[in-house]
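Step one of this worksheet: look at the structure below.
None of the figures in this text is laboratory data; all of them are computed from the coordinates on show. The model shown is predicted, which means the values in this text are computed figures rather than measured ones. Glycine also receives a Cβ, built like all others from the backbone with ideal geometry; neighbour counts cover every protein chain displayed.
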Amino acid sequence: MTSRERIQAAMDLREPDRVPVMCQLSIGHMLLQLGVSPVEFWFDATTFAEGLVSLRKKYDFDGILVSLHGHNPYWRNDVLRIQRTNDGEEVTWKNGEKWIHRFNELPQRLTEHHSGCSINALNTAHLPASLNYIPVSQGLHFRIDPSHAFDVFEIVRDKAGEDFSLHGEITSALDYYLDFLGHEEGLMGFIDEPEKAKSVLKHFTALLVGLAKEMCSKGVDAIKISSPFAGAGFISAEFYRSFVLPFERAIAEAVRGCGVHVYTHTCGAIADRLELMFDAGVTGIECLDPPPLGNVELEDAKQRTKRRGFIKGNVDSVNTLLFKTKPEIMNDARKRIQIGKQGGGYIFSTACSVAPYVESERLLLLREAVEKWG
C-alpha cells in the first residue's frame with residue numbers, strides 16, 4: 001500500500017498492511033527543526049508548504065496536515081520593518097502593530113489590543129459576513145486571502161506527490177465564538193444568553209460549512225475540525241450537547257456529503273463524551289489524551305467506539321516523548337499500537353501536537369515502532 005492508501009484504509013475502518021503513523025506538529029517544533037525564518041514560515045505559502053513536506057519526509061509520516069491556509073502572497077507590502085533578535089524576529093507593520101515571531105512558538109502581539117464584546121449588546125450586524133481569518137489562539141488571527149484561500153494545498157500536493165494523505169483543517173464554531181466574544185464573556189453567555197449564544201454559533205457554522213465545502217474540492221483526503229475547547233476541562237457534557245454537537249454535526253455532514261473524511265480534534269479529558277463526539281457524524285476523533293494530560297485509556301476507547309469511526313492518537317507528547325527514556329517510549333508505543341490496530345480503524349499518532357522541544361530522534365521512534373509492531 002502507498003501511505004495514502006494506508007491512511008484511507010484506516011479511515012474506512014479497514015485493516016491496512018500496517019498501522020499508519022501521522023502526527024500533528026506544533027509550529028514551535030517545526031520552526032526548531034527547520035531553522036527557517038519564523039516570519040517567512042508563518043506568512044509565505046511556499047516556505048510553509050516546503051516545511052510540511054520536508055518534515056513528513058524526515059519523520060516518514062504517512063500524511064501531512066495543512067493547519068494554515070489562505071496565505072497572502074503580497075504580505076511583505078504591508079511590512080514596515082523586520083528586526084532579528086535573540087528570541088526571533090520582530091515585525092512592525094505599516095498599520096502600527098508590532099509582533100514577535102519567536103523561533104519556538106506561535107507569534108505574539110507586542111502592541112496593545114482589545115478584543116471581545118458583550119453578548120448582551122451583540123446583534124447579527126456585529127458578526128463577520130465572511131470568514132477571512134483563522135482564530136489560531138485568542139488574539140492571534142491568521143488572515144485568509146480570499147483570492148489565495150487554498151493555494152497552499154496545491155503547493156503541498158505538487159511537492160509531496162500523490163502517494164501521501166493530505167488533510168486540511170478548519171476551526172470549530174466554538175473557537176470562533178470564544179475568540180469573537182472573549183472566553184469569559186463567551187462562557188457566561190452559555191448561561192445568561194443561551195439562545196443568543198446559539199445564534200452566534202449558527203452564524204459561524206454556516207460560514208464554516210461553506211469554507212469546508214470549498215476545501216473538499218481541493219483534493220484533501222480528510223478535514224480536521226479543530227475543537228480544542230470542547231473537552232471536559234472546559235465545558236460539561238450537557239453544554240457539549242447544546243453548544244458543540246449540533247454545530248459540528250452540520251460541518252461533518254457537509255464534509256461527508258462531499259465524500260471526504262472528517263475528524264474532530266479535542267484536547268484534554270474527553271472520556272465522558274467519546275460517544276457524543278461520534279454523534280456529531282464525524283468519521284474519526286483525535287487526540288484521546290491519556291493521563292495525566294487527559295483521561296482516555298485507549299483500550300476503553302476502542303471498545304466504546306468500535307466501528308463508529310477511526311481514532312487517532314494517543315501518545316503523550318510531553319510526559320512520554322519529552323521526558324521518558326527511549327526504551328520507555330518504545331514500550332509505550334508498542335502497547336498503544338497493539339491495542340489500536342485490533343480490527344483496524346487506527347492511526348498511530350501523538351495525542352495532541354508534538355511539543356516544540358521533542359528531539360527528532362525521539363519522534364522517529366514512532367515510525368520504528370509501527371515497523372516492528374504495526
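The Glu195 and Glu368 beta-carbon pair, evaluated with R₀ = 56 Å, returns a calculated FRET efficiency of approximately 0.60.
Give me the percent relative contact order of the chain, please, defined on Cα pairs under 8 angstrom at least 6 residues apart. Before the final figure, lay out each step's value.
On the way: 746 pairs, mean separation 77.2, N = 374.
21 percent.
Look at where the Cα atoms of the range 221-287 and of the range 45-113 average out, and the two centres are 28 Å apart. Cβ crowding within 10 Å, taken as a proxy for footprinting-reagent exposure, orders Arg109, Arg256 from fewest neighbours to most as Arg109, Arg256. The sum of -39500 (n - 2.57) across all DSSP H runs of n ≥ 4, divided by the residue count of the chain, sets its helix-only mean residue ellipticity at 222 nm to -12500 deg cm²/dmol.
Sort Leu274, Leu106 by Cβ crowding within 10 Å, fewest neighbours at the top.
Lowest count first: Leu106, Leu274.
Using the average count of surrounding beta-carbon atoms within 10 Å as a protection proxy, the listed peptides 186-199, 25-38 rank, highest first, as 25-38, 186-199.
The residue list Asn72, Ile82, Gly28 was ranked by how far each Cα lies along the charge dipole of the range 1-84 toward its positive end, using unit charges on Cβ atoms, and Ile82 comes out on top.
By the beta-carbon count within 10 Å of each Cβ, the least crowded to most crowded order of Asp179, Asp12, Asp221, fewest first, is Asp12, Asp221, Asp179. Around Trp93, under 10 Å between beta carbons, what's the net of Lys plus Arg minus Asp minus Glu among the other residues? Once all neighbours under 10 Å are counted, the net charge is +1.
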